[in-house]
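To start, the structure under review is shown below, and the notes come after it.
The values are calculated or read from the model by the stated rules, or taken from the named source; none is laboratory data. Being a predicted model, the structure only gives us computed values, none of them experimental. With ideal geometry, Cβ positions are generated from the backbone for all residues, glycine too; neighbour counts draw on all protein chains shown.
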Amino acid sequence: MTVGAKLVHGPDRGEEDRNWEMFDPLPVGIVIINRNYTVLFWNQCIARWTGIPRDEITGHDLRTRFTHLARPVYTSRIDQVFDGGPAAVFSSQFHPYFIPAPLQNGELMAEHASVIPFDGNGERLGMIVIEDTNDLTSQVRLYRATRQLANLEIEKRKKAQEALHAANTKLNLLSSITRHDILNQVTAISGYLCLLDNSLAPGSEQSQYVHKISHQMAVITHLLEITRDYEQLGISAPKWCDVRAIVEHSVLDVFAGSVRLEDQLPALEVYADPMLEKVIYNLFENAKFHGMHVTAIRVGFSCGEGPGILTIEDNGVGVQDADKTRIFLKGVGTRTGLGLYLSQEILSLTGLEIRETGMPGKGARFEILIPPAMFRLRTQ
Amino acid sequence: MEIEEEALDAIRELINIGVGRAAGMLNEMTGCTIRLRVPTIRVVTIDELEGADEIRATGTLATVALTFEGPLCGLSALAFPPESAAALVMLLSGEPAESPELDALRIETLKEVGNIVINSVMGSIANILEHHLSYSLPRYLDLSVLTLARTANPRCPEDRVILADTRFTIEDREIEGSILLILEVGSLEALLDAIREMTP
């Protein structure tokens, strides 16, 4: 709206007054003043808000009734409007009670005020429009308080996370030192066992016990190595992992070129713990140690409506039906019984699942189920 | 259109008088020590705005604007990068700077600050024209300066823009904004004529 244009017309003030009454039904306070701040019109809304009837204030200086309006911070800007300037706006931040309006709870209503110039029959008048911003103010303050609480909670969690990280680092250090010391002791015991075995008659009952102890020592060593491999579990943040790069690297590491890799993968990236590499490596190790006669590894990926499925198959002896679920339990397996259990734990960190679906006798087939948000296909 | 240095100086002075008065009002209103200055001023076409160093022409800015009609026609605006606008409002209102975003209350406050600055600048300019202008109510807009300028008068890309780099210094913190006066064809000439008439 361009102001400065005539809002009202009429030969005398009486007709103007009648026209101004059209502002009575508006849900905003309307006060019309002249440049002496004399109130010419006071609508019903502002009368209701302030409790001051129209007759009581019309014809009086607004500054006498509301003395704060006589301060230069108001008058300099309102005078500017009467001197030909644009409308002046008074925000609820700096002037929440331009024309104080008490609420039922004893507080004052928050207001936004505008002083808009207009031509009243050749005289420049000012229309003060008062808007109730109580709800807005309350809502924004509530929102700010909620956000502040949320920020405090985030800060608290961040500190707890940092404390956990620090504790974890110390525990890892402790376990690393302990592991190192135990391995030293294990090496010493293994050396003494070797000396003892040399002093015994080969095949004697005592020698057989020594061999059994040596085997158990080897299992202890392997278990300690596993704790080293997996101590980083969940420590690093998940990231997008390039599956082909992991597969190629792991196959080469485990089989050293002794199997054929049938790579049917698209350019797949999976959002997972960085130890995904260890999971895939472990599957190939299992194929090598348990598959008996594995000569080929096939890796593929399919996706449709549900989760994407990463498949890793071999042509070994496969997994018996009775073992398909058991192999993922802790303590099950012919070696440490931790490999597939831990693999499952690593994958679950970002919602991935693993299952075995191969045909016994024809090869093992592991399927890793990846929720849609956790994989992406790069354009090649 | 070439603008002589003296005329540009006079425009700079008019704007400085306006922002000086605005700073006084803001000081009184907020109780903060506020300095407002306009270190540079340029006159460009709307198309040249895009390359102007003083302003992020294509990025969204928090803008308070009003249009005016009379001997001069156009649009007057005070524009800030959104984070600067929020910082300015928080400094003026004494709010803790925990959440630098413009919510409805801060927008309302920014509108008042923009209103004070624009009114004072327009008051300075209107004084030398010796004619009243008619103004729209101030509006808050989230848009780029280029969009603002092209919306103001889409038919005339040759309209002139007086672009005044504006610095608010509040409690040792400096906040950059821009005052823009987008003048329709003929309005800049009218302003320059008024300035020449005033010059002894």
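With respect to A:Leu62, determine if the residue is within 27 Å of B:Asn27 (Cβ to Cβ), buried (at least 18 other Cβ atoms within 10 Å of the Cβ), at pLDDT 95 or above and within 14 Å of chain B (Cβ to nearest Cβ). No: the conditions fail for A:Leu62.
Restrict the check to region B:127-137 and report whether at least one residue is under 23 Å from A:Asp132 (Cα atoms) and outside any helix (DSSP H, G or I). Checked region B:127-137: at least one residue is under 23 Å from A:Asp132 (Cα atoms) and outside any helix (DSSP H, G or I). A Cβ distance below 9 Å, combined with a sequence gap of six or more or placement on separate chains, defines the contacts here; from region A:253-269, residues that are on the phi > 0 side of the Ramachandran plot reach residues that are at pLDDT 90 or above in the pairs A:Gly257/A:Val251. Against the definition (over 30 Å from B:Glu2 (Cα atoms) and not in a helix (DSSP H, G or I)), how does B:Leu66 come out, yes or no? Against the criterion (over 30 Å from B:Glu2 (Cα atoms) and not in a helix (DSSP H, G or I)), B:Leu66 does not qualify. Once region B:126-141 is narrowed to residues that are within 20 Å of B:Ala164 (Cβ to Cβ) and at pLDDT below 90, the residue that is surrounded by the fewest Cβ atoms within 10 Å (Cβ to Cβ) is B:Ile128. Here region B:166-183 is the region considered, the condition is being touching a helix residue (DSSP H, G or I) at 6+ places or on another chain (Cβ under 9 Å) and surrounded by fewer than 18 Cβ atoms within 10 Å (Cβ to Cβ), and the residue that is farthest from B:Gly94 (Cα to Cα) is B:Glu176. Annotation for region A:144-166: no member residue is within 30 Å of A:Arg63 (Cα to Cα) and either in contact with a His (Cβ under 6 Å, 6 or more places away or on another chain) or within 11 Å of another protein chain (Cβ to nearest Cβ) (or both). Would region A:89-97 turn up any residue that is within 11 Å of another protein chain (Cβ to nearest Cβ), closer than 30 Å to B:Ile125 by Cα, more than 46 Å from the chain's Cα centre (by Cα) and buried (at least 21 other Cβ atoms within 10 Å of the Cβ)? No, region A:89-97 contains no residue that is within 11 Å of another protein chain (Cβ to nearest Cβ), closer than 30 Å to B:Ile125 by Cα, more than 46 Å from the chain's Cα centre (by Cα) and buried (at least 21 other Cβ atoms within 10 Å of the Cβ). Looking only at residues in region B:108-126 that are more than 8 Å from chain A (Cβ to nearest Cβ) and either of a type in the set (Gly, Ala, Ser) or not in a helix (DSSP H, G or I) (or both), the one that is farthest from B:Arg35 (Cα to Cα) is B:Ser124.
For region B:21-56, name all the residues that are assigned to a helix (DSSP H, G or I) and crowded, with 17+ Cβ neighbours inside 10 Å.
B:Arg21, B:Ala22, B:Ala23, B:Met25, B:Leu26, B:Met29, B:Thr30, B:Ile46, B:Leu49
Residues that are surrounded by 14 or more Cβ atoms within 10 Å (Cβ to Cβ) and among the polar types (S, T, N, Q) were ranked within region A:98-138; the one that is farthest from the other protein chains (Cβ to nearest Cβ) is A:Asn121.
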